[in-house]
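Enquirer: Have a look at this one.
The values are calculated or read from the model by the stated rules, or taken from the named source; none is laboratory data. Nothing here was measured: the structure is a model prediction, and the numbers come from that model. Here the Cβ positions follow ideal geometry from the backbone for every residue, glycine too, while neighbour counts run over all protein chains shown. Accessible surface areas use protein heavy atoms only, side chains included; no ligands, DNA or RNA. Shrake-Rupley method; radii C 1.70, N 1.55, O 1.52, S 1.80 Å.
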Amino acid sequence: MSGFNSIPEATYGVLRQDRFESELDEVAEQVRRLGYAILDSGYTTIQIQEISNEFDRVRGAYVQEWGEARLKGLKEFHTVRALLTHGGATFLRLATNPNLLAVLEMLIIGKFVLNQQNGVINPPGETYNQGAWHRDLPYQHYVSSSPLAVNALFCVDDFTIENGSTFVLPASHKAIAFPSQKYLQKNAVQVEAKAGQFIIMDCMVFHSGGRNKTALERRAINHAYMIPYFKQQIDLTKSIGVDGLTNEEREMLGFNYQMPASVGDYLISREKKKNG
Ligand SMILES: O=C(O)CCC(=O)C(=O)O
């Protein structure tokens, strides 16, 4: 006879155990262990709609600026680079979502900087540049005891099996190499999420967009936050006015971590730090 068999709670020989006090701790624990978790942004339906509208507005202007043929030729048509540099405060607010920052602070030891914020479009019935297995620190093969980089994929639309929600290979941030196809086929999972949620991933976990079998695009906004030793994908400090930013926003956008151009500049930066 088969029936429900609950997971035992008793242990023996366990000297250390993770504990969590909030849902955010739970998210962080799962990212540490499996490499991914779902996080609620806490946005209302109206706020999610605003992000969706702004996504479409910025994307339209972006394609007009850089040209459809050129973007297609570069396999860049399904990406909108550096969303927060295209005016308006919507995407800066998203990149500084309080729930997200709280989880990042639990995951990344010390300071972190927004390395990139890109709109990602999974088109119906077509391949796209994120529809292949990769790490968000691509070409890297190492294991780290705590994340050096974390990404947060904000779901502008619901992520469903049908529209090609993201596949993740659990715990692959803990292994150096990409696994065999057989292992991949047995162990990959497809993560469903609602519009307004983030899929948080250790940047070293292997993941891939799925095939979108619906008639509608599936839109997302990917953020990668990294310790300040990594250079940004696009220098955000050159495209955003510093005025009006809070100190925390400046730091998060990388204004405090710019590379000194000379020994003289380096010494000036040390003096600035010392004095203030
Ligand atoms: O579109 C997706 O589901 C995955 C996006 C992705 O892999 C990325 O932006 O790095």
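Enquirer: Highest first, please rank the peptides 39-46, 66-73 by the mean number of other Cβ atoms sitting within 10 Å of their residues. Write down the numbers at each step before the final one.
Expert: Numbers: 39-46: 14.8, 66-73: 12.0.
The most tightly packed comes first, giving 39-46, 66-73.
Enquirer: Right, another one. Residues with beta-carbon under 10 Å from that of A149, excluding A149: net charge, scoring Lys, Arg +1 and Asp, Glu -1?
Expert: It works out to a net charge of -1.
Enquirer: Going 7 Å from the Cα of D243 in the Cα-to-Cβ direction, what parts of the stretch 63-103 have a backbone nitrogen less than 17 Å from that spot?
Expert: Residues 87-89 qualify, since their backbone N sits under 17 Å from the label point.
Enquirer: Can you tell me the accessible area per residue over the chain, all protein chains present, probe 1.4 angstrom, in square angstrom?
Expert: Numbers: 16230 Å² over 276 residues.
With all protein chains present, the chain gives 59 Å² per residue.
Enquirer: Now for a different question. Under the 0.36 nm per residue contour assumption, what length would be gained going from the current alpha-carbon distance of N256 and S269 to full extension? Can you show the working numbers first?
Expert: On the way: separation 13, 0.36 × 13 = 4.68 nm, distance 0.94 nm.
Stretched fully, the N256-S269 segment lengthens by 3.7 nm.
Enquirer: What is the Cα centroid distance between the stretch 243-276 and the stretch 220-237, reported in whole angstrom?
Expert: 17 Å
Enquirer: On full extension of the chain, what length is gained from I227 through R93, given 0.36 nm per residue of separation minus the C-alpha to C-alpha distance? Could you put the intermediate results ahead of the total?
Expert: Values: separation 134, 0.36 × 134 = 48.24 nm, distance 2.03 nm.
Extending this stretch completely gives an extra 46.2 nm.
Enquirer: Kindly provide the helix-only [θ] at 222 nm of the chain, computed as the sum of -39,500 (n - 2.57) over DSSP H runs of four or more divided by all residues, to the nearest 500 deg cm²/dmol?
Expert: Counting only the DSSP helices, I get -9000 deg cm²/dmol.
Enquirer: First obtain the Kirkwood hydrodynamic radius of the stretch 34-252 from its Cα pairs, then insert it into the Stokes-Einstein equation at 20 °C and 1.002 mPa s, and state the resulting D in µm² per second as a whole number.
Expert: Working: Rh = 17.8 Å.
In µm²/s, the coefficient is 121.
Enquirer: For D56 and S22 in one chain, what is 0.36 nm times their gap in residues minus the Cα-Cα distance, to one decimal in nm? Mind showing how you got there, number by number?
Expert: Details: separation 34, 0.36 × 34 = 12.24 nm, distance 3.45 nm.
Full extension from D56 to S22 adds 8.8 nm.
Enquirer: For the chain, calculate the relative contact order in percent as a whole number, restricting contacts to Cα pairs under 8 Å that are 6 or more residues apart.
Expert: On the way: 453 pairs, mean separation 69.4, N = 276.
Computed value for the chain: 25 percent relative contact order.
Enquirer: Please give me the summed charge of the neighbours of D265: other residues whose Cβ is under 12 Å from its Cβ, Lys and Arg +1, Asp and Glu -1. Mind showing how you got there, number by number?
Expert: Numbers: positive: R270, K272; negative: E271.
My count for the surroundings of D265 gives +1.
Enquirer: Ignoring ligands, DNA and RNA, what percent of the 1.4 Å accessible area of the chain is carbon and sulfur?
Expert: Roughly 53 percent, rounded to a whole number.
Enquirer: Here's a follow-up. Enter the accessible area of Y257 (Å², nearest 10), with the probe set to 1.4 Å and all protein chains included.
Expert: Accessible area of Y257: about 80 Å².
Enquirer: Can you tell me which lysines have their Cα less than 30 Å from the Cα of K72? Leave out same-chain residues fewer than eight positions away.
Expert: In chain and number order, the partners are K194, K213, K231, K238.
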